[in-house]
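Take a look at the structure below.
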Amino acid sequence: MSIYEFINTSTATFDFVDIAVSNLKSKILKSDDNCNDCDCDCDCQSRCDCQPNDCDCMNTECNCDCDCDCKGYDD
Amino acid sequence: MENKRFAKGYGISWLTLNRECNMRCKWCYGCSSGYDTKKSMTFEDAKKCIDIVSDMEIKKINLIGGEPTMHPNFFDIIDYAAEKKISCNVVTNGLKLVDETFFNELLKRPNAFPSISIKSDSKESYISDTGVNCWDRIVGLIKKLLKSNKTFGCTYVISNENVNKLYKTMKTFQELGLKNVGLSFCYSCPGNVMIYDVKQYVKDIETQLKMVDQLSIKYNIHFTLPVCLWDKEFIDNLRKRKIISTVCQLQQKSGLIFDTNLDILVCNTLYDYPIVKAEEYNDAKTLTKLLNSDKIMNVYKDLLRLPSKKCTTCEYLENCGGGCVLTWQYLKLDDLI
């Protein structure tokens, strides 16, 4: 089906405003306060899964390339 | 601010490996596909997608379905992505991972990260919500993952039906040993309206999350309803704690979603409305040109129309964009404000 079959049934009819939307909140939430070395700067809300040298952003919508030099944290 | 377009190194990709699934979740956006077992991406097509993703310098793909772990070439696809140095988030209900052999095969793949979509919080509700009696097995899987050194995530979808037990659910997750859960709102999609009383839903979430905040388990929550519907103090609190996310790949024009037949979708739920057909492109160059064409950009302009003139003067416009476009198939903003 054409995408316009979907569009034409929408109640959102006000004109498009050409803006670049961005996430309301940016920095990765650190999973533990003991992790101080994570310098991930991705524009994402997901937590930084601080494992030594194995930081990865778990947000499926994030396009970051986290390269955390984290020392991990104590349980 | 200039509107971003599809560009190298910008964006994230989804590969829809299949439509078949070993559960039948009430809120599933894929329900109208009939979970057709014939709709399955071939291995050759999956490699083509990964080649394109690699050429576009996108470094992460989400493997989705249906249930992607059921795909016959599931591990071959992950291994091919590894050759291209691409990591794979596996969006899964976890049922296949209960099998020890399968689980160990996933552990061997350092570029694969399971994101377990936990459907409910008890045996009875798993049966009611998914049709499968598997709560004990999912609990066993989570405990196994926690003991392993595999990075993984857990997510939970909040619908009108389960919102009032959100605190109880998160407490159960905490007791399982989970430290953080990704929360999201249920999608309403063509044929399946799952948030039918928005005002009540908003009130219930605000109430429940205030209770969840008394627990030690942490969460981050992705908002798809317009920001203006929420109590400002509530939003500011989530913002201060850095646990709220808004806008989606469609609004940011950053997502590259391949359907099982390689048609391109604007949104995972809109699989009946592809914007580019598979036969229209061959490689990253022709696809990028198409995605940046006036024709496709005009589709996005029409999709992203605002629900109200009030949006244009809203302080949250750039961070909300009027909310998820799916919402405006079933609701009118005037009824809500």
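Descriptive notes on the structure:
- Extension gain for the segment B:E44 to B:K232, taken as residue separation times 0.36 nm less the Cα-Cα distance, is 62.7 nm to one decimal.
- Value of [θ]222 nm, deg cm²/dmol, for chain B, DSSP H segments ≥ 4, -39500 (n - 2.57) each, nearest 500: -9500 deg cm²/dmol
- Cα-based shape type of the range B:289-337, given that a ≥ b ≥ c are square roots of the gyration tensor eigenvalues and the cut on a/c is 1.5: prolate
- Coupling constants for the range B:204-212 follow from the phi torsions by the Karplus curve (6.51 cos²θ - 1.76 cosθ + 1.60, θ = phi - 60°), and in residue order they are 5, 5, 4, 5, 5, 5, 5, 6, 4 Hz; glycine and proline get x.
- Hydrodynamic estimate: the Kirkwood radius of the range B:189-337 over Cα pairs, inserted into Stokes-Einstein at 4 °C and 1.567 mPa s, corresponds to D of 74 µm²/s.
- If R0 equals 30 Å, the separation of the Cβ atoms of B:K123 and B:S216 corresponds to a calculated FRET efficiency of about 0.75.
- Per-residue Karplus couplings for the range B:72-79, computed as 6.51 cos²θ - 1.76 cosθ + 1.60 with θ equal to phi - 60°, are listed in order as x, 10, 3, 6, 4, 5, 4, 5 Hz, Gly and Pro entered as x.
- Computed from point charges on the beta carbon alone (+1 for Lys and Arg, -1 for Asp and Glu), the dipole magnitude for the range B:154-295 about its Cα centre is near 660 Debye.
- In this structure the amide hydrogen of B:T155, modeled in the peptide plane, comes within under 5 Å of the amide hydrogens of B:I116, B:S117, B:I118, B:G182, none closer than 5 places in sequence on its chain.
- Inter-chain neighbour count for B:261-274: the average number of beta-carbon atoms from partner chains within 10 Å of each residue's beta-carbon is 2.
- Mean-position separation - Cα centroids, the range B:105-153 and the range B:179-246, in angstrom: 23
- Flagged links, alpha-carbon separation over 19 Å, of B:K60/B:K277; B:K119/B:K253; B:K84/B:K289; B:K38/B:K60; B:K39/B:K277; B:K143/B:K171: B:K60/B:K277; B:K119/B:K253; B:K84/B:K289; B:K38/B:K60
- With all protein chains in place and ligands, DNA and RNA left out, the 1.4 Å accessible area ranks B:D263, B:D99 as B:D99, B:D263, largest first.
- Distance from the range B:7-67 to the range B:273-310 (C-alpha centre basis), Å: 18
- Fully extended contour minus Cα-Cα distance, from B:D136 to B:T207, at 0.36 nm per residue: 22.6 nm
- Amide H contacts under 5 Å for B:L256: B:I12, B:S13, B:W14, restricted to partners 5 or more places along the chain or on a different chain, H placed in the peptide plane at 1.01 Å from N.
- Charge tally in the Cβ shell below 10 Å around B:S40, where Lys, Arg are +1 and Asp, Glu are -1, B:S40 excluded: 0
- Amide H contacts under 5 Å for B:R241, placed H, 5+ residues apart: none
- Assuming charge only on the beta carbon of Lys and Arg (+1) and of Asp and Glu (-1), the dipole of chain B about its Cα centre is about 820 debye to the nearest 20.
- Mean Cβ neighbour count within 10 Å, used as a protection proxy, ranking B:249-260, B:213-224, B:84-95 highest first: B:249-260, B:84-95, B:213-224
The values are calculated or read from the model by the stated rules, or taken from the named source; none is laboratory data. Nothing here was measured: the structure is a model prediction, and the numbers come from that model. Reconstructed Cβ throughout: ideal geometry from the backbone, glycine too, with neighbour counts over all protein chains shown. What goes into the accessible areas is simple: the full protein's heavy atoms, side chains included, and nothing from ligands, DNA or RNA. Shrake-Rupley method; radii C 1.70, N 1.55, O 1.52, S 1.80 Å.
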